[in-house]
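The values are calculated or read from the model by the stated rules, or taken from the named source; none is laboratory data. This is a predicted model, so every value here is computed, not measured. Here the Cβ positions follow ideal geometry from the backbone for every residue, glycine too, while neighbour counts run over all protein chains shown. Ligands, DNA and RNA are excluded from the accessible area calculation, which covers all protein heavy atoms including side chains. Shrake-Rupley method; radii C 1.70, N 1.55, O 1.52, S 1.80 Å.
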Amino acid sequence: MAANTEALNQQLQQIVNSLKEQGILDSQFWMVHSLKEASSPFFLAQLIPMFCHNVQTTLRDLNRTLEKEPVNYYDMNELTMKLKGCTSSIGARRLALACVTLWRAVDNKNKDVCGSALNGIRQEYQTLRSSLDRIVELERRIVSHQA
Amino acid sequence: MVSEKMGFGNVMSTSKTMKIIDTEKKISVLIVEDDLLIRKIHKVMMTKFGTEVQLASNGKEAVDLFLSGASFDLILTDLEMPIMDGIEATKQLRSMGVTSMIVGVTSRNQDSEIQAFMKSGLNACYVKPLNAEKVTAVLNELKNI
């Protein structure tokens, strides 16, 4: 059982380290992972779905705001900052950087560039999403082995 | 773009009279943040650092806590929140005579935005994410006053 847990933890470490090498995640993610000790074993497995829901909801709202005429750049700004905050807080580095790109386009009130930047965020999220699903799966297996 | 942190000796810091911290008991922290995910991360992080944490989901809740008689050694507050934002909450708390250390934690990183937040009465301001290094700096500053 201990050997299985160790193997699962190694798999998790390999995935996260690979994502870090690609710049997709940064050290904040391991810090968030370490918060399990002060919370519950399910902390990360619960946090990641919450994060994904946050991102999906905010992307939807950004899309809707951009589609309206005239574009409410104030709202775009607020939504972008909200997304930047949660992506950086969980360590999703490239996603947070993509938010900065969108922020610049919003600041310049350039609708076309906003659209491209929003697509960039979607792509980064899709890239990250499958890895996050795998991380959650591993976390749940690790916790069930430890129980 | 402003650097990651402003305050604690930086030219933009404000020197507010700080209350004496009793180092025998746990440091009490109020986290003021509307985003549930970030609130959860910050809560567990501050708990891991051995502090006693209470939560508020906007500036008005924070002000109401103080009005009801609560007090905290440290307030970590977001800038943009519904009902009452971090600037308004900080101004109100300072006008009420609250001398707790108030630290802003925001996604914003433009000079003008951070300066406006600092002017409301913060002791320091950090750009998200809140990490172990920033928490350590804040708690060390708190213990050294």
Scan of region A:7-36 for residues that are away from chain B (no Cβ under 11 Å) and over 24 Å from residue B:127 (Cβ atoms), ordered by number: A:7, A:8, A:9, A:10, A:11, A:12, A:13, A:14, A:15, A:17, A:18, A:21
Looking at (1) surrounded by 13 or more Cβ atoms within 10 Å (Cβ to Cβ); (2) assigned to a helix (DSSP H, G or I); (3) out of contact with any Phe, Trp or Tyr (no Cβ under 8 Å at 6 or more places or on another chain), which one does residue A:6 not meet, given that it meets all the others? (1)
Those residues of region A:68-105 which are open to solvent by 60 Å² or more (accessible area, probe 1.4 Å) and more than 17 Å from the chain's Cα centre (by Cα) amount to A:68, A:69, A:70, A:72, A:74, A:75, A:78, A:104
If you take the residues in region A:41-52 that are open to solvent by 30 Å² or more (accessible area, probe 1.4 Å) and facing chain B (nearest Cβ under 9 Å), which one is nearest to the chain's Cα centre (by Cα)? A:50
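I'm checking my understanding of the structure. Among residues of region A:106-147 that are among the aliphatic types (A, V, I, L, M) and open to solvent by 60 Å² or more (accessible area, probe 1.4 Å), which one is nearest to residue A:9 (Cα to Cα)? Please lay out each step first, then the result.
First pass over region A:106-147, keeping only residues among the aliphatic types (A, V, I, L, M): A:106, A:113, A:117-118, A:121, A:128, A:132, A:135-136, A:138, A:142-143, A:147.
This time we only want the ones that are open to solvent by 60 Å² or more (accessible area, probe 1.4 Å), so: A:113, A:147.
Numbers: A:113: 41, A:147: 15 Å.
It comes out as A:147.
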Give region B:110-133 a look and list any residue that's crowded, with 20+ Cβ neighbours inside 10 Å and touching a strand residue (DSSP E or B) at 6+ places or on another chain (Cβ under 7 Å), or say none. B:114, B:117, B:118, B:122, B:123, B:124, B:125, B:126, B:127, B:128, B:130
Across region B:67-98, what is the total count of residues that are away from chain A (no Cβ under 13 Å), surrounded by fewer than 16 Cβ atoms within 10 Å (Cβ to Cβ) and assigned to a loop (DSSP other than H, G, I, E, B)? 7
Kindly list, by first and then second residue, each pair from a residue in region B:127-139 that is farther than 15 Å from residue B:53 by Cα to a residue that is part of a strand (DSSP E or B) and open to solvent by 40 Å² or more (accessible area, probe 1.4 Å), limited to pairs with Cβ atoms under 9 Å and residues at least 6 apart or on different chains. B:127/B:5; B:134/B:5; B:137/B:5
